[in-house]
Amino acid sequence: MKNYITNAYIDMLHDKTKATGVYFNTPKVIKHGVKYRKALSRLQKDVYAELWDMAMKAAHKGQVDEKGRVYVEVADSFMAVAVVADVTTIKHNLNGTGKNGKYTELFDLGLIRIKKRIERETSEYYVMAPVYEGEDVKFLTNDITTSSHKADAEELKAKRNKNVTTKRKTENEQLEEERIFDTKADTAEYEIIEKETAENVPDFDEEPQPQIIADEKPSKQMYFLVMDDLDGTGLYSAEFIIEQNGKMMESWTLSKFAQNMKLGIETERKHDSDILREIMIATGGKYEIKTKERTIY
């Protein structure tokens with residue numbers, strides 16, 4: 001059945017006792033229904049909305065064919081300006097044949113038909129009423145949200161939550177990095193304290209002497225130590241240092257640093273100068289770089 005817009009149909013739109021579809025400027029099923037929501041592009045929906053509005057005005061003026069079917073006359077350039085689109089794109093969407101198998105959806109879905117060509121740029125069209133079938137039938141009497149619309153919204157929400165989860169994972173990895181360094185430094189400090197305590201325990205035949213221990217605030221430093229470039233090649237050697245209270249607790253090669261921090265940097269057959277440059281980029285320049293002169297014998 002062809003759903004031509006007629007005066008009788010339009011009269012029904014204003015009759016609350018008739019089920020002709022919930023609508024605004026255009027029937028809502030065009031933008032939100034299962035049949036049309038994904039099948040039509042945003043531009044095609046805008047074109048149909050303009051044609052629908054023109055059809056309502058044409059019906060009001062009595063512009064109908066011999067069978068009482070409303071038609072409109074529109075130029076491609078007018079439509080292009082109305083929907084803010086390229087004229088060529090409008091031509092492809094309104095010529096009935098499209099281009100390269102595209103732009104024919106308005107015709108394929110039975111929403112417009114060409115009545116007559118007036119001239120190269122202007123044609124008369126029948127603007128057809130939408131079809132209500134399946135879940136879209138509910139739009140005849142209610143403003144609904146279809147199941148496919150809800151599913152797409154949930155999918156979009158899941159993608160947004162995934163991005164948030166990824167950010168949280170990165171933050172947790174940074175916290176884990178700090179925890180590794182704290183554990184290393186704390187363990188080293190404990191070993192030093194135990195060693196110093198053992199050395200300070202007096203022999204049993206000696207009288208213990210009181211000792212005054214100055215308060216010392218623990219401090220931790222982590223930095224890259226770079227050996228000066230002496231041969232003028234621009235290359236240098238470097239290592240990662242962990243200090244506690246001014247004493248070196250541990251040193252890592254740059255390869256070990258990249259591996260422990262899971263930076264995903266390829267270090268094999270690379271010079272330290274190249275590795276350090278990649279590390280600084282990966283860590284955002286988080287660590288200080290100190291230099292040390294080589295001792296020449």
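What whole-number distance in Å separates the alpha-carbon centres of segment 34-56 and segment 241-258?
Using only Cα atoms to place each centre, the spacing works out to 66 Å.
Given 2/115; 57/102; 31/162, which pairs have Cα atoms separated by over 21 Å?
Result: 57/102; 31/162 exceed 21 Å.
Determine the sum of side-chain charges near residue 82: Lys and Arg each +1, Asp and Glu each -1, restricted to other residues whose C-beta is under 10 angstrom from that of residue 82.
On the way: positive: none; negative: 46, 50, 53.
Once positives and negatives cancel, what remains is -3.
Pairs 38/67; 247/270; 220/292; 38/150; 38/99; 169/286: which are spaced more than 24 Å apart, C-alpha to C-alpha?
The answer is 38/67; 247/270.
Suppose every K and R has +1 on its Cβ and every D and E has -1 on its Cβ; what is the size of the dipole of segment 7-143 about the Cα centre, in Debye to the nearest 20?
Using Cβ point charges on Lys, Arg, Asp and Glu, segment 7-143 gives about 200 debye.
Could you give the nm distance between label points at residue 171 and residue 152, where each point is 7 Å from its Cα heading toward the beta carbon?
My value for the distance between the label points is 3.2 nm.
How far apart, in nm, are two points set 7 Å out from the Cα along the Cα-to-Cβ line at residue 253 and at residue 42?
5.5
List the relative contact order of segment 7-143 as a percent without decimals, with contacts defined as Cα pairs under 8 Å and 6+ residues apart.
Relative CO of segment 7-143 lands at 28 percent.
What shape does segment 7-143 take by its C-alpha gyration tensor, where a ≥ b ≥ c are the square roots of the eigenvalues and a/c under 1.5 counts as rounded, a/b above b/c as prolate, and the rest as oblate?
Judged from the Cα gyration tensor, segment 7-143 comes out oblate (a/c at least 1.5, b/c at or above a/b).
Relative contact order, percent, of segment 25-72 when contacts are C-alpha pairs under 8 Å separated by at least 6 residues?
Numbers: 30 pairs, mean separation 13.7, N = 48.
With pairs under 8 Å counted, the relative contact order is 29 percent.
Coordinate-derived values only; no laboratory data. The shown structure was predicted, so the numbers you read here are calculated from the model rather than taken from an experiment. FYI the Cβ positions are ideal-geometry reconstructions off the backbone, even for glycines, and counts take in every protein chain you see.
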